[in-house]
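The values are calculated or read from the model by the stated rules, or taken from the named source; none is laboratory data. As the structure is a prediction and not an experimental result, all values here were calculated from the model. A quick note on method: Cβ atoms are made from the backbone with ideal geometry, for glycine too, and the neighbour counts reach across all protein chains shown.
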Amino acid sequence: MNFLLMTVLVAFRVLGRNRMRSALTMLGIIIGVGAVIAMVSIGEGAKAAVQAQIATFGTNVITILPGSMTVGGVWTGHGGAVTLTVTDVEELKKIPGVMYAGWAKRDAMQVVHENKNWFTTINGVSPDYLVIRGWSARNGEFYAQADMDTAAKVVLLGNTIVKNLFEPGEDPVGSTIRIKNMPFKVVGTLEAKGYDTRGTDQDDVVFIPFTTAERKVMGTKFLNSIGAGFLSAESPEQMPQIVDEVKRILRLRHKLRPAQEDDFTVRNQIDIAKVQEGTSESMKLLLLAVASISLLVGGIGIMNILLVSVTERTREIGIRMAVGAKRRHILLQFLVEAVVLSAMGGLIGVGLGVAGAKAASSIAGWPAIISADILVIAFGFSALVGVFFGLYPANKASRLNPIEALRYE
Amino acid sequence: MSLIVSRDLVKTYRMGEMEVHALRGVSLEIAAGELVAVMGASGSGKSTLMNILGCLDAPTSGTYKLEGIDVSTLGESLLAEIRNSKIGFVFQNFNLIPRTTALENVQLPMFYRGISSHDQKALAVHALERVGLADRQRHHPAQLSGGQQQRVAIARALVTNPAIILADEPTGNLDSQASQEIMATLTTLNTEGITIILVTHEPDVARYARRTIMMKDGMILSDRSSKGMPSARVVPQEAGV
């Protein structure tokens, strides 16, 4: 222990003598570690931001869209067919593990309040839909089942609508807005959700009871047909099973023959998250590659300079051997020098990386998450690089013949 | 009991196609407390003998016993331990570690021994005092004269209290004044009981020794003892001993 400590001290002194050289040697490691930490921190920040966005969609949500159909050779797109009904969704609610089931129907329309108007998406939704999607009322309250039953002309306003139809500070609850020239009573306003992963403003929306939309606002060819059904699962683990069950029940209800394709589409929120995770996984691999290459280059730099050092100090090695240094002492001495170089480089790199990530988040406003794990891993790896690339020069030094080393000029 | 007993030491090097017979059967005994000069022209095998006696090299054949231990069969690691504990080296070109203080140079052998750094320092200071360099502890080799550097080297050789000090042309790089000082230091240490083997080709230096071994072509040509002479030559006033 004493010997190791002394060796470390000697290593620091030797490296301190060639400050410029040591600094340049460490540069590769510094840049590698620094870059990785900065990039990982920013990447983690971005990932967290995306996950937060995904979470605004609601938790454990399964979306069912009616199928498409081809009319005269033209594909009508998702929801082109009116194959999904309220009864379908009510049936799906019975699947074990389903907590809520809701449905919606949407159309783009103008909303008017006094002399202001706004063009937005009108959503006719069942009350549970709002729960599934995680909406909460800022003022007022959601409409109730009674409003559904009577097809009441009540409306909930998204934050963007409030901003555009009302004066700042004005409370919309209780006032009346007009949709399709019909008066609707504002019963509540909603907490803002922000933008979704595709950059759509989720708050640019109004909600009215589904029945109201169906009977009074949008009109429909087939009663009970819906634009989309929504289920929420009790836990993420249950989602794949529920999705399978949804498919089975809907095929049965729609009387599809085995050869026929589904006339509906089931989307799992976890799948969307997985796509995002996939992106960040490939980002991570890319980072790993960059880190490996820069650590490799840094390691080669260390090896190179140590080989020079071994040659320069051949006589010193001979002297040390003459006075009783064993081969392992010499090996350890050079190995410690390599590790001190790489570990110091790693430490400086960690410092610069953290500073860089902080700077990026404060200047550019990118969210950066600096986790202790990555700092420890990066530092540990840089030290390992020292061991790995120091081994060859150190071994070379330890295998010198003392007689020849002493004679070396 | 003899400190060093060697029997038929043979050392053969291969240099490409050629075989070089550096030693062709050297047998000698050296008793504790002796001051022996090994002389000979270059190529006579005296350096090879020195390397073998110093446990830096192993003989091709023959036996070498140091303090009764047959070291010709020991492995590298044990040889390093023997060098560390029983042998002190003094070289022609001093062989101090550059940019390292005199004190640390003297501490070097103890560094490989697991002696506490406090004790290392105390012993090193004492060794430097013995060679008259107590006031030069913090100096680097470059800040010392040749004679002073060699005395640091001697301090390093004796700090572990070795059985023998091997001095290979210790005055080869020194002027006559410094040479006399170094020889005075060595003879004083010898009178204090340390066995010294001196390799030299200078008769002036060899004259300090009571016993002179002449080598030629890898063999001992002559082994003469001349009593009384060295003590007359000691010039104690110059060296700081």
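For the range A:170-201, give me each residue that is β-branched (Val, Ile, Thr), outside any strand (DSSP E or B) and under 18 Å from residue A:138 (Cα atoms).
We begin by selecting, within the range A:170-201, every residue β-branched (Val, Ile, Thr); these are A:173, A:176-177, A:179, A:186-187, A:189, A:197, A:200.
Imposing the further condition that a residue be outside any strand (DSSP E or B) reduces the set to A:173, A:197, A:200.
The one that is β-branched (Val, Ile, Thr), outside any strand (DSSP E or B) and under 18 Å from residue A:138 (Cα atoms): A:173.
Could you give every pair whose Cβ atoms fall below 8 Å, whose first residue belongs to the range A:287-298 and is not assigned by TED's automatic domain parsing to the domain that holds residue A:384 and outside any helix (DSSP H, G or I), and whose second residue is surrounded by 15 or more Cβ atoms within 10 Å (Cβ to Cβ) and at pLDDT 85 or above, counting only separations of at least 6 or pairs across chains?
Close Cβ pairs (under 8 Å, with a partner that is surrounded by 15 or more Cβ atoms within 10 Å (Cβ to Cβ) and at pLDDT 85 or above) do not exist here.
Could you list, ordered by first residue, the pairs with Cβ atoms under 7 Å in which the first is in the range A:382-409 and in contact (Cβ under 8 Å) with a residue 60 or more places away in the chain and the second is among the hydroxyl-bearing types (Ser, Thr, Tyr) and buried (at least 20 other Cβ atoms within 10 Å of the Cβ), at least 6 apart or interchain?
A:382/A:342; A:385/A:342; A:386/A:342
Being touching an Asp or Glu at 6+ places or on another chain (Cβ under 6 Å) and at the interface with chain A (Cβ under 9 Å from one of its Cβ atoms) is the filter here; which residues of the range B:45-97 pass it?
Within the range B:45-97, B:51, B:91, B:97 qualify.
Got a sec? Which of A:198, A:215 is of a type in the set (Lys, Arg), surrounded by fewer than 19 Cβ atoms within 10 Å (Cβ to Cβ) and in contact (Cβ under 8 Å) with a residue 60 or more places away in the chain? Can you show your working first?
Working: A:198 fails: in contact (Cβ under 8 Å) with a residue 60 or more places away in the chain.
Only one candidate qualifies: A:215.
Scan the range A:128-142 and give yes if some residue there is in contact with a Lys or Arg (Cβ under 9 Å, 6 or more places away or on another chain) and surrounded by fewer than 17 Cβ atoms within 10 Å (Cβ to Cβ), otherwise no.
Yes - at least one qualifying residue is present in the range A:128-142.
Please go through the range A:306-353 and pick out each residue that is assigned to a helix (DSSP H, G or I), within 14 Å of another protein chain (Cβ to nearest Cβ), crowded, with 22+ Cβ neighbours inside 10 Å and without any contact (Cβ under 8 Å) to a residue 60 or more places away in the chain.
Across the range A:306-353, the qualifying residues are A:316, A:320.
Can you find even one residue in the range B:70-89 that is among the basic types (Lys, Arg) and either touching a Ser or Thr at 6+ places or on another chain (Cβ under 8 Å) or surrounded by fewer than 22 Cβ atoms within 10 Å (Cβ to Cβ) (or both)?
Within the range B:70-89, the subset among the basic types (Lys, Arg) is B:83, B:86.
This time we only want the ones that are either touching a Ser or Thr at 6+ places or on another chain (Cβ under 8 Å) or surrounded by fewer than 22 Cβ atoms within 10 Å (Cβ to Cβ) (or both), so: B:86.
Yes, because at least one residue in the range B:70-89 is among the basic types (Lys, Arg) and either touching a Ser or Thr at 6+ places or on another chain (Cβ under 8 Å) or surrounded by fewer than 22 Cβ atoms within 10 Å (Cβ to Cβ) (or both).
Mind checking which residues of the range A:202-220 are assigned to a loop (DSSP other than H, G, I, E, B) and not hydroxyl-bearing (Ser, Thr, Tyr)? Lay out the reasoning, then the answer.
First, pick out the residues of the range A:202-220 that are assigned to a loop (DSSP other than H, G, I, E, B): A:202-204, A:218-220.
Selection gives A:202, A:203, A:204, A:218, A:219.
Quick one: count up the residues across the range A:145-169 that are farther than 20 Å from residue A:217 by Cβ, among the charged types (D, E, K, R) and outside any helix (DSSP H, G or I).
Adding up the residues that qualify gives 1.
What tally of residues in the range B:162-188 results from selecting those that are outside any helix (DSSP H, G or I), crowded, with 22+ Cβ neighbours inside 10 Å and over 15 Å from the mean Cα position of the chain (by Cα)? Let's see the steps before the verdict.
Going residue by residue through the range B:162-188, those that are outside any helix (DSSP H, G or I) are B:162-175.
Next, from what is left, pick out any that are crowded, with 22+ Cβ neighbours inside 10 Å: B:164-168, B:170-171.
Filter once more, so that each one left must be over 15 Å from the mean Cα position of the chain (by Cα): none.
Selection size over the range B:162-188: 0.
Out of all the residues in the range A:111-125, is one or more in contact (Cβ under 8 Å) with a residue 12 or more places away in the chain, in a helix (DSSP H, G or I) and not polar (S, T, N, Q)?
No; the residues of the range A:111-125 include none that is in contact (Cβ under 8 Å) with a residue 12 or more places away in the chain, in a helix (DSSP H, G or I) and not polar (S, T, N, Q).
Can you confirm whether the range A:257-269 contains a residue that is part of a helix (DSSP H, G or I) and either away from every other protein chain (no Cβ under 14 Å) or not hydroxyl-bearing (Ser, Thr, Tyr) (or both)?
Looking only at the range A:257-269, we keep the residues that are part of a helix (DSSP H, G or I), and these are A:269.
Next cut, either away from every other protein chain (no Cβ under 14 Å) or not hydroxyl-bearing (Ser, Thr, Tyr) (or both) only: A:269.
Scanning the range A:257-269 turns up at least one residue that is part of a helix (DSSP H, G or I) and either away from every other protein chain (no Cβ under 14 Å) or not hydroxyl-bearing (Ser, Thr, Tyr) (or both).
What do you reckon, is residue B:109 surrounded by fewer than 21 Cβ atoms within 10 Å (Cβ to Cβ) and either within 22 Å of residue B:166 (Cβ to Cβ) or at the interface with chain A (Cβ under 9 Å from one of its Cβ atoms) (or both)? Even if it seems obvious, please write down each step before you answer.
Numbers: surrounded by fewer than 21 Cβ atoms within 10 Å (Cβ to Cβ): no; either within 22 Å of residue B:166 (Cβ to Cβ) or at the interface with chain A (Cβ under 9 Å from one of its Cβ atoms) (or both): yes.
So residue B:109 fails the test.
If you check every pair at least six apart or on different chains, which have Cβ atoms under 9 Å apart with a residue in the range A:1-22 that is farther than 14 Å from residue A:306 by Cβ and more than 10 Å from chain B (Cβ to nearest Cβ) first and a residue that is modelled with pLDDT under 90 and in a helix (DSSP H, G or I) second?
none
Going residue by residue through the range B:50-58, is there one that turns out to be over 13 Å from the mean Cα position of the chain (by Cα), touching a residue at least 24 places away in the same chain (Cβ under 8 Å), more than 17 Å from residue A:405 (Cα to Cα) and outside any helix (DSSP H, G or I)? Let's see the steps before the verdict.
Going through the range B:50-58, the residues over 13 Å from the mean Cα position of the chain (by Cα) turn out to be B:57-58.
Subset that is touching a residue at least 24 places away in the same chain (Cβ under 8 Å): B:57.
Filter again for more than 17 Å from residue A:405 (Cα to Cα), leaving none.
Among the residues of the range B:50-58, not one is over 13 Å from the mean Cα position of the chain (by Cα), touching a residue at least 24 places away in the same chain (Cβ under 8 Å), more than 17 Å from residue A:405 (Cα to Cα) and outside any helix (DSSP H, G or I), which makes the answer no.
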